[in-house]
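Beneath this line is the structure, given in structure tokens, with notes to follow.
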Protein chains: 2
Amino acid sequence: MAERLIGMLIFPRLTQLDMTGPYEVLARLPNTRVHLVAHTMAQVKTDRGMEIVPTMTLADCPQLDLVMVPGGAGQQDLMEDAVVLEFLRKQAAGAKYVTSVCTGSLVLGAAGLLKGYKSACHWAWRDMLKDFGAIPVAERVVRDRNRISGGGVTAGIDFGLTVAAELAGEEVAKSIQLVLEYDPQPPFDSGSPEKAGAERVKRIRERLAPLLESRRKANVEAAARMQ
Amino acid sequence: MAERLIGMLIFPRLTQLDMTGPYEVLARLPNTRVHLVAHTMAQVKTDRGMEIVPTMTLADCPQLDLVMVPGGAGQQDLMEDAVVLEFLRKQAAGAKYVTSVCTGSLVLGAAGLLKGYKSACHWAWRDMLKDFGAIPVAERVVRDRNRISGGGVTAGIDFGLTVAAELAGEEVAKSIQLVLEYDPQPPFDSGSPEKAGAERVKRIRERLAPLLESRRKANVEAAARMQ
């Protein structure tokens, strides 16, 4: 059987856990290769400074069985990057699954790949999916036909296990969960806007406001280009 | 106020999520720098192939406020690496916190830093802590005086939030939890030996048996050297 090919986009100011959560799960699937795909083979600096090395360029990347776009502040640039958007459209046409974690779904949206699809996204950015004709859903992992998406950052691990079961069966997914000792016990209960409370949510929205505002304007233009 | 310095050891065949989980949390602390410390500045290949770039060598690393050792198959070599063990002993003498995730605690043990301390570890390797005079505890995050340890792989996120609260207060930790949308909802309930059931645990123990056996022999020798 041919090796299963998974490709995860990496780019400057990526949120590394968006990608490394699902990477840790999916790289353990039998008969599977996970590529980290970027413009060039130069190391990529994530939003907190960690540098990761790509394994494949956009230009050289073969047809993937599953393509995944993580999020992070750098997603803003990807949404304007014609080469990346074309890469995603081309891959999506032949891939079995088109997937994202966190604000990666906005990049899929900007590529025109989520029109009429339900999708997850980081809670603070979720509403922007509408700018691209997608239907935002406040769930940890969302599936609509062959689109599978995870919510913010750490949702990538739940996403990864869901995808693992889809690709290789539940038994494989459950074994990986045990190996990764994924029996989460957060010391606090502040992981969603509902649980964190209005005050804390407000403070984070305020901190993100300039970023959200500039993105909102850019979305209008990007959506216009999609017509 | 001087910048808080956190150092995470990275090494060949590291399990990347052991490190990148807590990295994602702790790199968001105010006034904090997180170093990825290795023998040289050459990129380090993790156990599933992802390559990560160190930011600091062992030799150049200043005194850290918190030192963290992640796990992964490569921990075996670290436990025999006199330079690493000496680095850890030296750092531990001046650090406020000496910490680990997953089988990283075995490396602290081999450095003689856990004698009489309670510690967490990946479930499959946990018993080996006794070889170094440590007291294995089957909990997600374990604290004993200034030693803080996380269990297997994904426990690093719970560990990271616990440490964040300790260093910068609960409010900061809760905000980071919200930004990372850490409201885990595993699609299956197979994340601990108790929950996964005896059959699945047996299969994974069998798969790990050669590794565990060779390690057990090496521990006896390492422990003897510690006397």
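The values are calculated or read from the model by the stated rules, or taken from the named source; none is laboratory data. Predicted, not measured: the structure shown is a model, and the values here were computed from it. Quick reminder, even Gly has a Cβ in these numbers, built from the backbone with ideal geometry, and neighbours come from all protein chains shown. Quick note on the areas: whole protein, heavy atoms, side chains included, nothing else; ligands and nucleic acids left out. Shrake-Rupley method; radii C 1.70, N 1.55, O 1.52, S 1.80 Å.
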Matching residues, the range A:124-137, being assigned to a loop (DSSP other than H, G, I, E, B) and more than 15 Å from residue A:159 (Cβ to Cβ): A:124, A:125, A:133, A:134
Subset of the range A:38-69 (residues that are without any contact (Cβ under 8 Å) to a residue 60 or more places away in the chain and away from chain B (no Cβ under 13 Å)): A:39, A:40, A:57, A:58, A:59, A:60, A:61, A:62, A:63, A:64
Selection status of residue A:183, of a type outside the set (Phe, Trp, Tyr) and under 30 Å from residue B:205 (Cβ atoms): yes
Qualifying positions in the range A:165-187 - more than 7 Å from chain B (Cβ to nearest Cβ), part of a loop (DSSP other than H, G, I, E, B) and either open to solvent by 40 Å² or more (accessible area, probe 1.4 Å) or in contact with a helix residue (DSSP H, G or I) (Cβ under 9 Å, 6 or more places away or on another chain) (or both): none
Selection within the range A:92-129 - surrounded by fewer than 24 Cβ atoms within 10 Å (Cβ to Cβ), of a type outside the set (Ser, Thr, Tyr) and under 20 Å from residue A:34 (Cα atoms): A:92, A:93, A:94, A:95, A:96
Unmet criterion (only one of (1) within 30 Å of residue A:213 (Cβ to Cβ); (2) away from chain B (no Cβ under 11 Å); (3) free of Cβ contacts under 8 Å to residues at least 40 places away in the same chain) for residue A:31: (1)
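When you scan the range A:68-86, do you find a residue that is in a strand (DSSP E or B) and either within 16 Å of the chain's Cα centre (by Cα) or under 30 Å from residue B:26 (Cα atoms) (or both), even just one?
yes
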Yes/no for residue B:222 being out of contact with any strand residue (DSSP E or B) (no Cβ under 7 Å at 6 or more places or on another chain), on the phi < 0 side of the Ramachandran plot and either surrounded by 16 or more Cβ atoms within 10 Å (Cβ to Cβ) or more than 9 Å from chain A (Cβ to nearest Cβ) (or both): yes
Considering residues of the range B:110-146 that are of a type in the set (Lys, Arg) and on the phi < 0 side of the Ramachandran plot only, the residue nearest to the other protein chains (Cβ to nearest Cβ): B:140
Filter pass, residue B:210 being open to solvent by 40 Å² or more (accessible area, probe 1.4 Å) and either at the interface with another protein chain (Cβ under 7 Å from one of its Cβ atoms) or polar (S, T, N, Q) (or both): no
Residues located in the range A:181-227, provided they are aliphatic (A, V, I, L, M) and in contact with a Lys or Arg (Cβ under 8 Å, 6 or more places away or on another chain): A:196, A:212
All positions within the range A:193-207 that are open to solvent by less than 100 Å² (accessible area, probe 1.4 Å), under 16 Å from residue B:181 (Cβ atoms) and not in a loop (DSSP other than H, G, I, E, B): A:193, A:195, A:196, A:200, A:201, A:204
In the range B:35-57, residue farthest from residue A:56 (Cα to Cα) [restricted to those that are touching a helix residue (DSSP H, G or I) at 6+ places or on another chain (Cβ under 9 Å) and open to solvent by less than 20 Å² (accessible area, probe 1.4 Å)]: B:37
Lone qualifier among B:190, B:149 - being surrounded by 20 or more Cβ atoms within 10 Å (Cβ to Cβ), free of Cβ contacts under 8 Å to residues at least 60 places away in the same chain and more than 9 Å from chain A (Cβ to nearest Cβ): B:149
Boolean, residue B:15 is buried (at least 17 other Cβ atoms within 10 Å of the Cβ), polar (S, T, N, Q) and within 14 Å of the chain's Cα centre (by Cα): yes
Which numbered condition residue B:93 misses (of (1) without any contact (Cβ under 8 Å) to a residue 12 or more places away in the chain; (2) within 28 Å of residue B:214 (Cα to Cα)): (2)
